[in-house]
Amino acid sequence: MSQTLFIDGRWEAAKSGAVREIRCPADGALVGVVSEGGRDDTERAIQAARRAFDDGPWPRTPAPERGDLLLRVAAALRERSEEFARAESLDTGKRIVESRIDMSDIANCFDYYGKLAGLEAGRLVDAGDASVVSRIAYEPVGVCGLISPWNYPLLQAAWKVAPALAAGNTFVLKPSELTPHTAMLLMEVLTDVGVPAGVANLVLGPGPEAGAPLSESPDVDLVSFTGGLHTGRVIAAAAASTVKKVALELGGKNPNVVFADAEFDAALDNALNAAFVHSGQVCSAGARLVVEESIHDVFVDELVRRAKGIRMGGPFDDSADTGPLISAAHRDKVTEYVRRGVEEGAILRCGGTWGEGDLADGFYYAPTVLDGVRSGMSVVVDEGFGPVVTVETFTTEDEAVRIGNDTRYGLAAGVWTQDAGKAQRVAQRLRHGTVWINDFHPYLPQAEWGGFGESGIGRELGPTGLAEYQEAKHIYQNIKPQVTGWFPDREG
Ligand code: TXE
């Protein structure tokens, strides 16, 4: 029987005995068989995390010691990086080179929070009264429910696990049911470096069963979720009944604005990266190319030519530039998304096809360019989460900003121009959580990440990413207690 749930420091099977086969999206090969947890299992994990928080040593461990332990996690991840990268590539189908980059970023994230953990010793407040000592203490929130998606499975989990641990919380992690293996490996590392039993718990299984208690249970104090907008709304609504803290990262519909005076080759190359990296399964994908009308034809012709040259292939195919989509269901969704766009009037310039021949067993979808789209079309409004870029044009700076902000999301945007003043003006006016100028996609563990609008609530990474996992407590001490006389001492 598969024992792949990690609860209270022990590997366990799902109570129901159910299992799930994990298959590589690149070719359908069996990667592993894991426990398929349900509500009971998650409840058990929540209770373990609750006990570890209420009675265990972890929340009371000095913050610098917790930080040291995170630095050891980072070192262990670097040592086992190749094993982790392979596991990530097999679960997601992404190229091994991309998984290696992810693993390095994950180790950097643990390093960052390891170093930050010990720096924050609270704050003294001047109460304006010499007889008062007033201070702010930052305490852990409690039991955290961490729900992560399948596109960057361990990276998205690490953005939650590292600050949650740094702040002294205990947690239950529920990765996507499609991509569980690196989360399992992470539990091994956390145990090896000495995280106490019950602090780090892992449940696997489908969201509505294994995930839902993390947003519903009164014993969970915070739920942090990365995934789709629809699921985010369900989780926020469920969390409202117990008024738990909620952090959401729900993707985006991210404009990549290219002015005519941009450095052409760099803008073009990055427009490809923006849209097609990891086959567009990136929350910050630059899936909306917004290009100045005067260069539209030459820019888009070149984009199409280059997109046609992108090679699809499996994780270990050195000649491949990009991999498959995560599942048959997701490829069907992308297929329907493009079909609908064309029906609404988009011009299909390239792509729109599935992988054939050697690729027929995987969920490949060719890089796709949809030209001539207009505001309000479904391909402009909705996140596609596939290798699909739409093209809109503008003639003025104001129009570029208006189109860039014409979305209910607000996660990320790119601006390409050699005019530094224009770049800053546009960046200031774009309502997105990250704006890249003359670049696309880089992010830093020390810089906040998250969205405006329906892209979510809260920020991950940076100091704010730690603050999300802390409660601020004001401790006010009167060192010269006196009678206030507010209520006169009268006979009753
Ligand atoms: O994600 P879900 P799906 C977007 C992208 C994609 C769409 C749907 O547009 O096409 O979301 O993808 C867990 N209670 N993004 O359906 O459902 C689930 O098990 C608790 C953007 O695959 O959001 C998984 O662990 N948990 C994105 C996680 O939620 C629940 C990344 C994400 O799955 C749950 C992925 C419930 N009721 C998709 N229902 C990004 N922001 O990067 C599901 N889950």
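The values are calculated or read from the model by the stated rules, or taken from the named source; none is laboratory data. Given the structure is predicted, the values throughout are model-derived calculations rather than measurements. Here Cβ is always computed from backbone atoms with ideal geometry, including for glycine, and neighbour counts include all displayed protein chains. Side chains included, ligands, DNA and RNA excluded: accessible areas come from the protein's heavy atoms. Shrake-Rupley method; radii C 1.70, N 1.55, O 1.52, S 1.80 Å.
Per residue Cα convex hull volume for region 151-233, in cubic angstrom? Kindly include the intermediate steps, with their values, before the conclusion.
Numbers: hull volume 8.1 nm³, N = 83.
It comes to 98 Å³ per residue, whole-number rounded.
In the calculated pair distance distribution of region 81-176, what percentage of Cα-Cα distances lie above 15 Å? Mind showing how you got there, number by number?
On the way: 3086 of 4560 pairs.
So the pairs more than 15 Å apart make up 68 percent of the total in region 81-176.
So what does the Cα-only Debye profile of the chain read at q = 0.06, 0.07, 0.09, 0.12 Å⁻¹, as log10 I(q)/I(0), no solvent term?
Calculated log10 I(q)/I(0) at the listed q: -0.30, -0.40, -0.64, -1.06.
Ignoring ligands, DNA and RNA, what percent of the 1.4 Å accessible area of the chain is carbon and sulfur? Walk me through the numbers before you get to the answer.
On the way: 10520 of 20380 Å².
Reported share for carbon and sulfur atoms: 52 percent.
Can you give the helix-only mean residue ellipticity at 222 nm for the chain, where every DSSP H stretch with n ≥ 4 adds -39500 (n - 2.57) and the sum goes over all residues, rounded to the nearest 500 deg cm²/dmol?
On the way: 15 runs with 182 residues, N = 492.
Rounded to the nearest 500, it is -11500 deg cm²/dmol.
Above 16 Å lies some portion of the pair distances; for region 1-54, what is it as a whole percent of all C-alpha pairs? Show your work: numbers first, answer last.
Values: 689 of 1431 pairs.
Tail fraction, whole percent: 48.
Put a dot 7 Å past each Cα toward the Cβ at residue 484 and residue 375; how far apart are the dots in nm?
Modelled inter-label distance: 5.5 nm.
Whole number in Å², please: accessible area per residue of the chain, 1.4 Å probe, ligands, DNA and RNA not counted.
Values: 20380 Å² over 492 residues.
Each residue of the chain exposes 41 Å² on average to a 1.4 Å probe.
Considering amide H positions built from the backbone, and no H for Pro or chain starts, which residues 5 or more places from residue 198, or on another chain, come under 5 Å of its amide H?
The list, which skips near neighbours in sequence, is 8, 9.
Give me the angle, in degrees from 0 to 90, between the Cα long axis of helix 181-193 and the longest principal axis of the Cα atoms of the chain, rounded to the nearest 10.
For helix 181-193, the angle is close to 30 degrees.
By how many degrees, between 0 and 90 and to the nearest 10, does the Cα long axis of helix 39-55 differ from the longest principal axis of the chain?
Roughly 40 degrees, rounded to the nearest 10.
Using alpha carbons only, how many degrees (0 to 90, rounded to 10) separate the axis of helix 63-79 from the longest principal axis of the chain?
Rounded to the nearest ten degrees, it is 30.
Apply 1/(1 + (r/R0)^6) to the Cβ-Cβ distance of residue 97 and residue 431, taking R0 = 22 Å, and write down the FRET efficiency to the nearest 0.05.
Details: r = 34 Å, r/R0 = 1.54.
Working from the Cβ atoms, E equals 0.05.
Cβ neighbours within 10 Å, averaged per peptide: list 90-96, 390-396, 268-274, 347-353 in order, most packed at the top.
Numbers: 90-96: 26.3, 390-396: 18.9, 268-274: 20.9, 347-353: 17.3.
Ranked by mean Cβ neighbours within 10 Å, highest first: 90-96, 268-274, 390-396, 347-353.
With N set to the residue count of region 274-427, report its C-alpha Rg divided by 2.2 N^0.38 Å to two decimal places.
Numbers: Rg = 15.8 Å, N = 154, 2.2 N^0.38 = 14.9 Å.
Compared with the compact-globule rule of thumb, region 274-427 sits at 1.06.
With unit charges on the beta carbons (Lys and Arg positive, Asp and Glu negative) and the dipole taken about the Cα centre of region 386-479, which residue among 388, 462, 437 sits farthest to the positive side?
Towards the positive end, the residue furthest out is 462.
Cα atoms only, region 387-469: Rg and Dmax in Å?
13.8, 44
In whole Hz and in residue order, list the ³J(HN,Hα) couplings for region 431-445 that follow from phi through the Karplus curve 6.51 cos²θ - 1.76 cosθ + 1.60, θ = phi - 60°; x for Gly and Pro.
Computed from phi, the couplings for region 431-445 are 8, 9, x, 9, 10, 9, 10, 6, 6, 7, 5, x, 9, 10, x Hz.
With both partners inside the chain, how many of the DSSP beta bridges are antiparallel, as a percent to the nearest 5? Intermediate results must be reported in sequence, preceding the final value.
Details: 28 of 65 bridges.
Antiparallel bridges: around 45 percent, rounded to the nearest 5.
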